[in-house]
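Q: Pasting a structure here, questions to come.
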């Protein structure tokens, strides 16, 4: 039976955007075929809406009221604005890789003197080259999710990072996504990180806007492969402009005895969704995922995680915190699957939301699907307001109401932030939270 999806105006605009941009997208032959197949999958699925269980709280047909055209290649003025935006977000001791409006900016990046065992290429270069193995891995994700399929079809650029067996990088890699377009536009990026066996790295991603840049749309995806005995620490900081739209997807696969430590903080963008599929494919692997939403105004932020335990003796921990003010809306959906062969799995998940306004909203949906019988699994969810007795205690000791609230909120999100292993990055996350708290009226 053929199913025809009725297109919204936004859906039609995305189809038109692909038709217009097709000629400038990198890659020919099999790459172009994969793009076409991905876009056909997107058109069959259409924009996600509330009748799709995974998207029930983030109805893009309602939230994404228009689709912007693909951002133009950055011109000198655009790059100059981006360079000014890079300066306050530069972190000492980290190698900077900059994407401006979805295109790699070599003059703003640090690609000289790479550590032994580290290789960095651009997505555009890989797709236009002859490395068919990497090209196939870049299009590995199935096109069953409409936004992943759309990203596969439209990806313009990104970074391809390969770390050889045994290489443990002391210098973190910092990927800066800068929106610098002078007119409303969309940017589609896809990156790949592949760690060999017994390797290690810290990856930082920041999403920010240059001064004066308002409405724009980010569509990003990241594919990660962590080899046996390797460790990846991944920190994401979403500080997009308040009129921005950010949809990001990640596909992570762990080998045997691998360790993945992840932290995500969202304080920017009008509408954002981070969705990740994390697969424990090697025995003895460990996953720690932590997240914080700091929202106010009419912001909408969705974190959706699928943790797939497919083999025995793996462990996972999920800690998520949301602080929601005004009429903002926070969503957390965490799903843990324990496959029949995944005996001795140890998986726990806890999500907590703090509502600072009567009109604030938080939807938490933790799920367990267990098909093995020798496991230790649990989940929990709570939603509430600040404790009046604690506020009274702090006020009685000379703190103003705002200071007392800030202290309690900082303690509330602290458990998730403390999971960051790198001291500099932990301090950066704390500073981001403090800026949000200071901006509260």
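Q: Return the total of residues in region 310-332 being within 16 Å of residue 262 (Cβ to Cβ) and either buried (at least 23 other Cβ atoms within 10 Å of the Cβ) or touching a helix residue (DSSP H, G or I) at 6+ places or on another chain (Cβ under 8 Å) (or both). Break it down stepwise before answering.
A: Quick first cut of region 310-332, residues within 16 Å of residue 262 (Cβ to Cβ) only: 314-321, 332.
Imposing the further condition that a residue be either buried (at least 23 other Cβ atoms within 10 Å of the Cβ) or touching a helix residue (DSSP H, G or I) at 6+ places or on another chain (Cβ under 8 Å) (or both) reduces the set to 314, 316, 318-321, 332.
Summing the residues that are within 16 Å of residue 262 (Cβ to Cβ) and either buried (at least 23 other Cβ atoms within 10 Å of the Cβ) or touching a helix residue (DSSP H, G or I) at 6+ places or on another chain (Cβ under 8 Å) (or both) in region 310-332 gives 7.
Q: It is to be established whether one or more residues within region 385-403 are assigned to a strand (DSSP E or B) and under 28 Å from the mean Cα position of the chain (by Cα). Spell out the reasoning first.
A: Just the residues of region 385-403 that are assigned to a strand (DSSP E or B), to begin with: none.
For region 385-403, residues assigned to a strand (DSSP E or B) and under 28 Å from the mean Cα position of the chain (by Cα): absent.
Q: Looking at residue 72 and the list (1) under 25 Å from the mean Cα position of the chain (by Cα); (2) outside any strand (DSSP E or B); (3) at pLDDT 95 or above, which single condition is not satisfied?
A: (3)
Q: Which one of the conditions (1) surrounded by fewer than 24 Cβ atoms within 10 Å (Cβ to Cβ); (2) at pLDDT 95 or above does residue 266 fail to meet, given that it meets all the rest?
A: For residue 266, the exception is condition (1).
Q: What is the one condition in (1) more than 30 Å from residue 298 (Cα to Cα); (2) surrounded by fewer than 17 Cβ atoms within 10 Å (Cβ to Cβ); (3) modelled with pLDDT of 90 or more; (4) in contact with a strand residue (DSSP E or B) (Cβ under 8 Å, 6 or more places away or on another chain) that residue 26 does not satisfy?
A: (2)
Q: While we're on this one: Could you tell me whether any residue of region 388-405 is at positive phi and out of contact with any helix residue (DSSP H, G or I) (no Cβ under 9 Å at 6 or more places or on another chain)? If you could, list the steps in order and put the result at the bottom.
A: Taking region 388-405 and keeping what is at positive phi, we get 398.
When the remaining residues are screened for being out of contact with any helix residue (DSSP H, G or I) (no Cβ under 9 Å at 6 or more places or on another chain), the result is 398.
Within region 388-405, one or more residues are at positive phi and out of contact with any helix residue (DSSP H, G or I) (no Cβ under 9 Å at 6 or more places or on another chain).
Q: While we're here: Can you tell me which residue is nearest to residue 315 (Cα to Cα) among those in region 360-384 that are modelled with pLDDT of 95 or more and assigned to a loop (DSSP other than H, G, I, E, B)?
A: Among them, the one singled out is 375.
Q: For region 39-60, give me each residue that is touching a residue at least 12 places away in the same chain (Cβ under 8 Å), under 23 Å from residue 184 (Cα atoms) and within 21 Å of the chain's Cα centre (by Cα).
A: If the condition is that a residue be touching a residue at least 12 places away in the same chain (Cβ under 8 Å), under 23 Å from residue 184 (Cα atoms) and within 21 Å of the chain's Cα centre (by Cα), then 42, 47, 48, 58, 60 are the ones that fit.
Q: Right, something else. The conditions are (1) within 20 Å of residue 299 (Cα to Cα); (2) in a helix (DSSP H, G or I), and residue 357 fails exactly one of them. Which is it?
A: Every listed condition holds for residue 357 apart from (2).
Q: In addition: Take residue 156 and tell me if it is touching a residue at least 12 places away in the same chain (Cβ under 8 Å), under 20 Å from the mean Cα position of the chain (by Cα) and surrounded by fewer than 18 Cβ atoms within 10 Å (Cβ to Cβ).
A: On the way: touching a residue at least 12 places away in the same chain (Cβ under 8 Å): yes; under 20 Å from the mean Cα position of the chain (by Cα): yes; surrounded by fewer than 18 Cβ atoms within 10 Å (Cβ to Cβ): no.
Considered against the rule, which asks whether it is touching a residue at least 12 places away in the same chain (Cβ under 8 Å), under 20 Å from the mean Cα position of the chain (by Cα) and surrounded by fewer than 18 Cβ atoms within 10 Å (Cβ to Cβ), residue 156 comes out as no.
Q: Pick out the one residue from 98, 148, 126, 86 that is at pLDDT 95 or above and not in a helix (DSSP H, G or I). Break it down stepwise before answering.
A: Values: 148 fails: not in a helix (DSSP H, G or I); 126 fails: not in a helix (DSSP H, G or I); 86 fails: not in a helix (DSSP H, G or I).
Among 98, 148, 126, 86, only 98 is at pLDDT 95 or above and not in a helix (DSSP H, G or I).
Q: Go through region 124-143 and give me each residue that's closer than 30 Å to residue 59 by Cα and either touching a strand residue (DSSP E or B) at 6+ places or on another chain (Cβ under 7 Å) or in contact (Cβ under 8 Å) with a residue 12 or more places away in the chain (or both). Even if it seems obvious, please write down each step before you answer.
A: Taking region 124-143 and keeping what is closer than 30 Å to residue 59 by Cα, we get 137-143.
If the condition is that a residue be closer than 30 Å to residue 59 by Cα and either touching a strand residue (DSSP E or B) at 6+ places or on another chain (Cβ under 7 Å) or in contact (Cβ under 8 Å) with a residue 12 or more places away in the chain (or both), then 137, 138, 139, 140, 141, 143 are the ones that fit.
Q: Touching a residue at least 24 places away in the same chain (Cβ under 8 Å), over 17 Å from residue 226 (Cβ atoms) and surrounded by 23 or more Cβ atoms within 10 Å (Cβ to Cβ): does that describe residue 291?
A: Details: touching a residue at least 24 places away in the same chain (Cβ under 8 Å): yes; over 17 Å from residue 226 (Cβ atoms): yes; surrounded by 23 or more Cβ atoms within 10 Å (Cβ to Cβ): yes.
In short, yes.
Q: Moving on. Return the total of residues in region 157-169 being closer than 18 Å to residue 258 by Cα and either modelled with pLDDT under 95 or part of a loop (DSSP other than H, G, I, E, B) (or both).
A: Result for region 157-169: 5.
Q: Of 302, 326, 308, which residue is part of a loop (DSSP other than H, G, I, E, B) and either within 24 Å of residue 411 (Cβ to Cβ) or touching a strand residue (DSSP E or B) at 6+ places or on another chain (Cβ under 6 Å) (or both)?
A: Among 302, 326, 308, only 326 is part of a loop (DSSP other than H, G, I, E, B) and either within 24 Å of residue 411 (Cβ to Cβ) or touching a strand residue (DSSP E or B) at 6+ places or on another chain (Cβ under 6 Å) (or both).
Q: For residue 365, are the conditions met, namely being within 21 Å of residue 385 (Cβ to Cβ), within 22 Å of the chain's Cα centre (by Cα) and either in contact (Cβ under 8 Å) with a residue 12 or more places away in the chain or surrounded by fewer than 23 Cβ atoms within 10 Å (Cβ to Cβ) (or both)?
A: Numbers: within 21 Å of residue 385 (Cβ to Cβ): yes; within 22 Å of the chain's Cα centre (by Cα): yes; either in contact (Cβ under 8 Å) with a residue 12 or more places away in the chain or surrounded by fewer than 23 Cβ atoms within 10 Å (Cβ to Cβ) (or both): yes.
So residue 365 passes the test.
The values are calculated or read from the model by the stated rules, or taken from the named source; none is laboratory data. As the structure is a computational prediction, the values presented were derived from the model and not from experiment. Positions of Cβ are generated from backbone atoms using ideal geometry, with glycine treated the same way; all protein chains shown enter the neighbour counts.
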